[in-house]
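The values are calculated or read from the model by the stated rules, or taken from the named source; none is laboratory data. Keep in mind that what you see is a predicted model, and the values were worked out from it rather than measured. Cβ coordinates were reconstructed from backbone atoms using ideal geometry, including for glycine residues, and neighbour counts include every protein chain displayed.
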Amino acid sequence: MKIIWTDFAIENLKDIFYYHSANVGKKVAHKIRKQILKSTEQLTNHPESGQIEPNLENLKQNHRYLVSGNYKVIYKIVDNQIIIVDIFDTRQNPEKIIREK
């Protein structure tokens, strides 16, 4: 299966990187970004390894998630593709996860 990142997810990953660069340093920011990207690698062979995202069930698109540190990598499976739709900071209010997907 092929992994595709939406513009929304890429922007969130960039925001996470910039936030950590400014607040704790570039070394930590690179480590967090690398950890998030590495967590998605398992999806090519095990696309359903993530749990169903309960906060997005009402969209009826079978969103799933993986946890990487303090972040949820939200994705869905469409045809033969894994579409990463969001990187969500789990320290936020869970209701915020219902954003543009």
With criteria (1) surrounded by 11 or more Cβ atoms within 10 Å (Cβ to Cβ); (2) modelled with pLDDT under 95; (3) more than 22 Å from Pro94 (Cβ to Cβ); (4) not aromatic (Phe, Trp, Tyr), Gly25 comes up short on (2)
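Select, from His20, His30, His46, the only residue that is assigned to a loop (DSSP other than H, G, I, E, B) and on the phi < 0 side of the Ramachandran plot. Before you say what the answer is, go through the steps one by one.
Values: His20 fails: assigned to a loop (DSSP other than H, G, I, E, B); His30 fails: assigned to a loop (DSSP other than H, G, I, E, B).
Of the residues listed, the single one that is assigned to a loop (DSSP other than H, G, I, E, B) and on the phi < 0 side of the Ramachandran plot is His46.
Anything in the range 41-67 that is surrounded by 14 or more Cβ atoms within 10 Å (Cβ to Cβ), closer than 15 Å to Thr90 by Cα and either of a type in the set (Val, Ile, Thr) or touching a helix residue (DSSP H, G or I) at 6+ places or on another chain (Cβ under 8 Å) (or both)? List them, or say none. Outline the logic, then answer.
Residues of the range 41-67 surrounded by 14 or more Cβ atoms within 10 Å (Cβ to Cβ): 43, 47, 50, 53, 55-56, 61-66.
Filter again for closer than 15 Å to Thr90 by Cα, leaving 53, 55-56, 64-66.
Hits for the range 41-67 are Glu53, Asn55, Leu56, Leu66.
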Note to self: Considering only the range 50-57, I want to know if a residue exists there that is on the phi < 0 side of the Ramachandran plot, at pLDDT 95 or above, over 13 Å from the mean Cα position of the chain (by Cα) and charged (D, E, K, R).
What the structure shows: no
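It is to be established whether one or more residues within the range 68-91 are of a type in the set (A, V, I, L, M) and surrounded by fewer than 12 Cβ atoms within 10 Å (Cβ to Cβ). Before you say what the answer is, go through the steps one by one.
Residues of the range 68-91 that are of a type in the set (A, V, I, L, M), as a first pass: 73-74, 77-78, 82-85, 87.
Subset that is surrounded by fewer than 12 Cβ atoms within 10 Å (Cβ to Cβ): 78.
Yes, the range 68-91 has at least one match.
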Of the residues in the range 28-40 that are surrounded by 13 or more Cβ atoms within 10 Å (Cβ to Cβ) and more than 14 Å from Asn70 (Cα to Cα), the one that is nearest to the chain's Cα centre (by Cα) is Thr40
Subset of the range 2-59, residues of a type in the set (Gly, Ala, Ser) and under 14 Å from Val85 (Cα atoms), comes to Ala9, Gly50
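Within the range 75-90, does at least one residue satisfy the condition of being part of a helix (DSSP H, G or I) and in contact with a Phe, Trp or Tyr (Cβ under 7 Å, 6 or more places away or on another chain)?
no
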